[in-house]
1. What's the number of the condition B:N425 fails, among (1) of a type in the set (S, T, N, Q); (2) crowded, with 21+ Cβ neighbours inside 10 Å; (3) at the interface with another protein chain (Cβ under 9 Å from one of its Cβ atoms)?
2. Could you grab me the full set of residues in the stretch A:327-337 that are surrounded by fewer than 18 Cβ atoms within 10 Å (Cβ to Cβ) and in contact (Cβ under 8 Å) with a residue 12 or more places away in the chain?
3. Search the stretch B:158-172 for residues being among the aliphatic types (A, V, I, L, M) and under 13 Å from B:A239 (Cβ atoms), and hand back the single one that is farthest from the other protein chains (Cβ to nearest Cβ).
4. What is the residue count in the stretch B:378-387 for residues that are buried (at least 24 other Cβ atoms within 10 Å of the Cβ) and either within 14 Å of another protein chain (Cβ to nearest Cβ) or among the hydroxyl-bearing types (S, T, Y) (or both)?
5. Inside the stretch B:388-404, can you point out the residues that are within 10 Å of chain A (Cβ to nearest Cβ) and under 17 Å from B:A286 (Cα atoms)?
6. A:V64 versus (1) within 30 Å of B:F396 (Cα to Cα); (2) within 21 Å of the chain's Cα centre (by Cα); (3) of a type outside the set (S, T, N, Q): which is the lone unmet condition?
7. Evaluate the following for A:A206: is it among the hydrophobic types (A, V, I, L, M, F, W, C) and under 13 Å from the mean Cα position of the chain (by Cα)?
Amino acid sequence: MNEITSALLLLTPLLPVVLAFPPLRSRISHPCYIALLPAIVLLLVPSVVPIELPWLLLGSGLGVDGASRWLLAMSVVIWTAAATLLPKPGNHAADNRFTVFFLLTMAGNLGAIVATDMVGFFSFSALMGYGFYGLLVSGGDKTARRAGRIYISFMIAADLLLFEVLLIAASTTSEMAFESVRLAVSGSASPGLYVSLVLAGFALKAGVWPFHSWLPLAFRSARPAVALLVGGVPIAMGLLGMVRWLPLGEITLPGMGLIIRILGAAAIIYAIVAGVKRSQLKLLPAYTAMIATGFFSIALGAGLADPAVWNQYGNIPYFFIVSLGFGMVIVVAAICWLQTDHHAPAAIVKQEDDPSLWIERCAGAVVRWGGKLGCETLPRLRSAWLAKAGSLLQVCAWRKAVDAAEYSLQRWILAITLFLLLGLVTVFLAAM
Amino acid sequence: MNWDAGLPLLIVATSLFSGLMIFFLSEKHVVARTTLNLGGAVFKLVLVGVMIWGVFHGHHYEARLPLLPGLDLLLRADAESMLFVVLSSGLWLVTTIYAIGYLEGSPHRSRFFGFFSLCVTATVGVALAGNLITFVLFYELLTLSTYPLIVHRETEVARRAGRTYLIYTITGGALLLVGTVWLYSMTGTLEFAHRGFVAGLLDTHRVSLIVVFVLLVAGLGVKAALVPLHGWLPQAMVAPAPVSALLHAVAVVKAGAFGIVRVVDDVYGVEATTKLGVSGPLAALAAVTIIYGSLRALFQDDLKRRLAFSTVSQVSYIVLGIAIIGPIATTGGLVHLVHQGVMKITLFFCAGNLAETLGIHKVSEMNGVGRRMPWTMAAFTIGALGMIGVPPLAGFVTKWYLGVGALDAGQEWVVYILAGSSLLNAGYFLPVLYAVWFKPAPDSWPDERSFGRFETSWALLAPPVVTALLTLAVGLLASAPFSPLQWARFITTLEYMP
């Protein structure tokens, strides 16, 4: 029995990757459903013994505990629902590419759920992130590409932060299993940096306010199958990462807990105000997700401030993530149904006030204010400053200068080398 | 001569023999040339397999031939040399297959493959060198055998690149030779030893040892493309793609980086390097090179030139790992010798495929090419993501060990260099991947050739696919027995064990 469950654990992330291989996928009907089979069978096994894979990456493990069983069930439902919205298999290159990204994202998502160590989780979530970027931009319009650009930028920043987290963890313990790292970090001298980086990294990945700007764009422009996945894949996995990586229940950080709670409350207020002010039916899931992640942040802050609270209600965040995933699927499906059958009330669609463009508007305002300030108060200084800054910021000029320097170096390398050699000999003789 | 002495000589001689034989073949003897090329490469790989098994089980392979009074031509197999021998022999086989497909129908193939084999002979000699003088001899042979490959196309640009290459490498070779002679005059020996052979001179010849260290590193730094000695590398990208692969992944830059590893580990030893205070400046130079190379790559539209600057940056990870001075970082540096090789060779093979099949040379011409050449671009994607350090690919394992090693050695600043470099790598590779997979393809390609139902010829397609799979395998199975990582850890254990 153990051998069978071990094989199922391995196949859960592996089968979607194998089926993403184009020659194989084209020979099998319904590859997206078949890819979910190991996970479905795994859910039916009452007790799964975790496996250690010392040969994998830097030594990894896979397993299913009570919490991850619920998450796996949620993912299976979401992926099945999304698979029903996929285009029929054909010869259209864009659709085939979309299916490849769909399967790779699925592999990363399922792998992250069954991973029992931080490096495994990080690797699977990277696969999921790059795959999801492909889903966002594949065959999408300008807005979808913009959503993808913001998402990938945040994801790269998040991966860099989480890589630092992994290095900090590795310097405190040689075991990278979640439990070992939690214990080691909570006993370390300064866990504040670790906790801050984990929070920032996964907030970027999950689109938690104020890193949410790709969410409304994604919901507005993505295909229905992708919109269905947003709640259960990037957002849920980001929140899961926080729960799994943070030493919650073992560490007391009241100051940080307070900041997280304030940010959570701010996220809720922002989402409500922005959602009411610039309502658009397709954006409703985005604001719902922001409110949900705001509540999650408040819970997380409470857990950081008082470990006893977390230990008492420690399982609730997992159910919250599962509920969020299911809830988002229902909301997106309902909106798809409303729009397909033209049930959407026209009055709430208000395109011109696009809340997702606030970054551009802020940047534009800063430029305008800067311009006015320069023109009206110190015109000469402004023009001189602008001219100097312009010449400094001309990348082409810099590149030409560096190219010229390299060219000179190439011409004079022999002479420079002899000169340096002479210098070294002089230093040597002087030292003698 | 017994088997233990004969095996290192035989490994060097296989490619020397096939190279010399190929010189005497005329252009039309395609079958004979291909047989010699592939036969030599496969035979060498089998011999290397036998040797690596022996070294792992503690067997001692050494060939010693008298060279000068007091100096021998010494070939010796140790754990460190095997890492480089396996890399060069393995990738030589793949590159030979690629070169056969790439140069099909082009002139001067016998000359090309002759020098190609000599180049690998020199690389294996560099790897197996048991003392500094043997190292220098093969290092110079590498310079001389690579020059005809760079100017192979005989264009004015190629000749200019060749001249620059010669000026740089011969100057570097001269510095290396001066340093070697100076060192011999002080120590009376040049034989590599675990923990070096200069420790006894630290008190009496401190300044001389520092100057010699600078000379040796400057000489080797030319081939390792350390800034500001890197100028030849971006120019040399005018060479045919198999030569670029050889320069960037198998032989030349690796010989320089491997030489620096030898100087730090087996000439000076880590303790003496630390005590002389030269490891810090070396690490700083490597860090500058990493960032500078990435910044320059960011602005290149020529694909091979972008890859060349990427090499400048990536090879310095090896030097950085060694210069941090610590077992974990050294493991990271050593394993990158292999990891950078498989990733970069994949990228250059793909660049060659684009040029040969569609006439694409620039990044701005690559829009939508993923639909026309999906296998090639899938391999390119794996190579590029590996370079960025995306898990579970090879580059991630390197960056992991360098980062953990830096923290272990108390050098936190290295972590910021790694983060900055990863960000820049993403900056110059991800827009390419976006253009390849998501931008619409143009109506026609610059210079398209048809290969029937395949996207390109099998000889051009198989090598990048194989090396891309290797990129995935060496990362994913990093902790498996006999993986490059495990071998690098084996070397480090020998170097640092009490």
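1. The one condition B:N425 does not meet is (3).
2. Residues satisfying the conditions are A:G327, A:A333, A:C336.
3. The extreme case among them is B:A158.
4. 6
5. Let us first name the residues in the stretch B:388-404 that are within 10 Å of chain A (Cβ to nearest Cβ), namely B:388-393, B:396-397, B:399-404.
B:K399, B:Y401, B:L402, B:G403, listed by residue number.
6. (2)
7. So A:A206 passes the test.
Here is a yes/no grid of residues against (1) within 14 Å of another protein chain (Cβ to nearest Cβ); (2) in contact with a Gly (Cβ under 7 Å, 6 or more places away or on another chain); (3) surrounded by fewer than 24 Cβ atoms within 10 Å (Cβ to Cβ); (4) within 19 Å of B:Y428 (Cβ to Cβ):
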residue	(1), (2), (3), (4)
B:T330	no, yes, no, no
B:Q340	no, no, no, yes
B:L354	no, no, no, yes
B:I360	no, no, yes, yes
B:P374	yes, no, yes, no
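The values are calculated or read from the model by the stated rules, or taken from the named source; none is laboratory data. Owing to the predicted nature of the structure, the values given are computational and were not obtained by experimental measurement. Virtual Cβ from ideal backbone geometry, glycine too; neighbours counted across all protein chains shown.
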